[in-house]
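Scroll down for the structure; my scribbles are underneath it.
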Amino acid sequence: MMRQQLLYPALRVLVATAFLALGFASGTLAQRATVSTPQFEVSGAYSYIRANAAESGGGFNVNGASGSFAYNFNGRFAVLADVGAYRFSGLPSGVTGNMYTYLFGPRYSFRKMHRVTPFVQGLLGGGRLTASSGGVDAGENGFAMTLGGGLDVPLHRHFAIRLIQAEYLLTRFANVNGSAVTQNSARISAGLVYRFGNK
């Protein structure tokens, strides 16, 4: 008798859970049947860069924001523009430093996966470093590129979470003697995506 009293509530919970899961699955499938590849995607994200100083073995933590605008030619291929603004931390007192990036290039998305949309991309463009100390300002332009990918989790027809975007970031800025050297860094981002238009 005690076993039946424990078993019946458990069965009811399992049956109710099964019906809820079926209802959610059918609703999701119905929604997916009506959603097509967006024509445009706009993203905004927090970005962290581990910037490695060339030839010194040291590095800096850089925090900021990045955003992108993508045009999808079809469900797989897109072209995008990506811009970012970041601030160096851990600099000596009285010194501030910022970095800006502006990048362009292709993206390939794997949209056939049911619950996530992985993507890979390679971008080329430029970067700018600025510094200020004691009222003296300086700036420098250089080459920049990224290579990496990310993972979007759709929430709605128009919205998705960019769970992670991880990239190798290469920049070429001048060192103290004026010659251009390569900085090998990493950029990690996470944020939101707004999608609109249909292909």
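Laboratory data are not the source of any read-out in this text; all were calculated from the coordinates shown. Just so you know, these numbers come straight off a predicted model, no measurement behind them. Don't worry about glycine lacking a Cβ; one is built from the backbone with ideal geometry, like all the others, and counts go over all protein chains shown.
Rounded to the nearest Hz, the phi-derived 3J(HN,Hα) couplings of the stretch 141-151 under the Karplus curve 6.51 cos²θ - 1.76 cosθ + 1.60 (θ = phi - 60°) are 9, x, 7, 8, 8, 10, 9, x, x, x, 9, where x marks glycine and proline. Taking θ as phi - 60° and the Karplus parameters 6.51, -1.76 and 1.60, the scalar couplings of the stretch 64-81 work out to x, 9, 9, x, 9, 10, 10, 10, 8, 6, 7, x, 10, 9, 8, 10, 9, 10 Hz in sequence order, x denoting glycine and proline.
A Förster radius of 30 Å, combined with the Cβ-Cβ distance separating Ile164 from Phe196, puts the computed FRET efficiency at roughly 0.85. Backbone amide hydrogens, once placed in the peptide plane, bring Val181 within less than 5 Å of Phe173, Ala174, Asn175, excluding anything fewer than 5 places away on its chain.
Sequentially through the stretch 156-169, phi angles give Karplus couplings (6.51, -1.76, 1.60; θ = phi - 60°) of 7, 4, 9, 10, 8, 9, 7, 4, 7, 9, 10, 9, 7, 10 Hz, Gly and Pro residues having no value and appearing as x.
The label point for Ser179 and the one for Asn61, both projected 7 Å from the Cα toward the Cβ, are 3.3 nm apart.
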